[in-house]
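See structure below.
The values are calculated or read from the model by the stated rules, or taken from the named source; none is laboratory data. This structure is a prediction, so every number in the text was calculated from the model and none was measured. Glycine also receives a Cβ, built like all others from the backbone with ideal geometry; neighbour counts cover every protein chain displayed. Just the protein is used for accessible areas: all its heavy atoms, side chains included, with ligands, DNA and RNA removed. Shrake-Rupley method; radii C 1.70, N 1.55, O 1.52, S 1.80 Å.
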Amino acid sequence: MSLPLTETDAVPASPPLAGPEWRISDQPVPYPEAVAAMEERVAAIRAGTAPELVWLLEHPPLYTAGTSAKAEDLLDHGRFPVFQTGRGGQYTYHGPGQRVAYVMLDLVKRGPDVHRYVTNLEEWIIRTLALFNIKGERRCGRVGIWVDKQPYGGLPGQEDKIGAIGVRVRRGVTFHGISLNVDPDLSHFGGIVPCGITQFGVTSMHALGHLVSLHEVDAAMRDSWNAVFETPDAAPTEMCAR
């Protein structure tokens, strides 16, 4: 994914933080329904009538096109529905077995550094994976989280993407967020060039031999949250491994 799209409208002063609400949807949520719900919640957060929200969900199989998506990167036009979206980035896949986290935070209260926010999202994925003994890493010039495949029988230098990031910020409030591949059908990524990157693959926790459930991943994401987002001056892990 590319760096986020930011909308720089003037924002009013905000009261102190109370911490985000957490919501988990047990059934796949249609993409248009999720976007409409995010739009409504972001407006309410900005108006001060609703708390921040972290929403964990799955989608039915679909492709989304970010603001940097290239037409030629959609390889199979009829395979799944394609949705244009205002988040940063290119084409990505969402579907069952993938944990999507839509994160709606007030950066007016938390600090307006969008690059730091993206770093925190990366850190959140890294720390969540570490709880399952998976080493997720950043890569220079590539937003998202990657896994070195050599410890899993791959060749030296072989690596796959396990977590994607695509965000938007409107009047100081974030939406969209991250996706973590727990056990999606990896063949579904074959209908696109994921995030515009052709030289590396895509993997999942199950493909790496970690047969965890979405509920276990949800618990790990909640366990990892405070150390990243609610701890002042929290230091990230190694910023760029390669």
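Some notes on this structure:
- Amide proton proximity set for ARG171, modelled H, under 5 Å, gap of 5+: GLU7, ASP9
- Short-range pairs are left out: with C-alpha atoms under 8 Å and at least six residues apart, the relative contact order of region 21-228 is 23 percent.
- A simple rule links phi to the HN-Hα coupling: the Karplus curve 6.51 cos²θ - 1.76 cosθ + 1.60 with θ = phi - 60°, which for region 58-74 gives 10, 10, x, x, 6, 10, 10, 10, x, 5, 9, 5, 9, 4, 5, 7, 8 Hz, with x for Gly and Pro.
- Solvent-accessible surface of the chain, taken per residue with a 1.4 Å probe and all protein chains present: 43 Å².
- Beta bridges assigned by DSSP with both partners in region 21-228 are antiparallel in approximately 75 percent of cases.
- Rounded to the nearest 20 debye, dipole of the chain from Cβ charges on Lys, Arg, Asp, Glu: 420
- Checking [x] 27, 21, 17; [y] 34, 18, 17; [z] 33, 28, 12 against the coordinates, the calculated semi-axes √(5λ) of the Cα gyration tensor in Å falls under label [x].
- Estimated from helical segments only, the mean residue ellipticity of the chain at 222 nm is -7000 deg cm²/dmol, where each DSSP H run of four or more residues counts as -39500 (n - 2.57).
- About its Cα centre, the dipole of region 128-192 is roughly 480 debye, where the only charges are +1 on Lys and Arg Cβ and -1 on Asp and Glu Cβ.
- Region 120-172, accessible surface, carbon-and-sulfur percent (1.4 angstrom probe): 50
- Each peptide among 131-141, 151-161 gets the average number of other Cβ atoms lying within 10 Å of its residues, and from highest to lowest they stand as 131-141, 151-161.
- Set of lysines near LYS135 by C-alpha distance (under 20 Å), chain-local residues within fewer than 8 positions excluded: LYS149, LYS161
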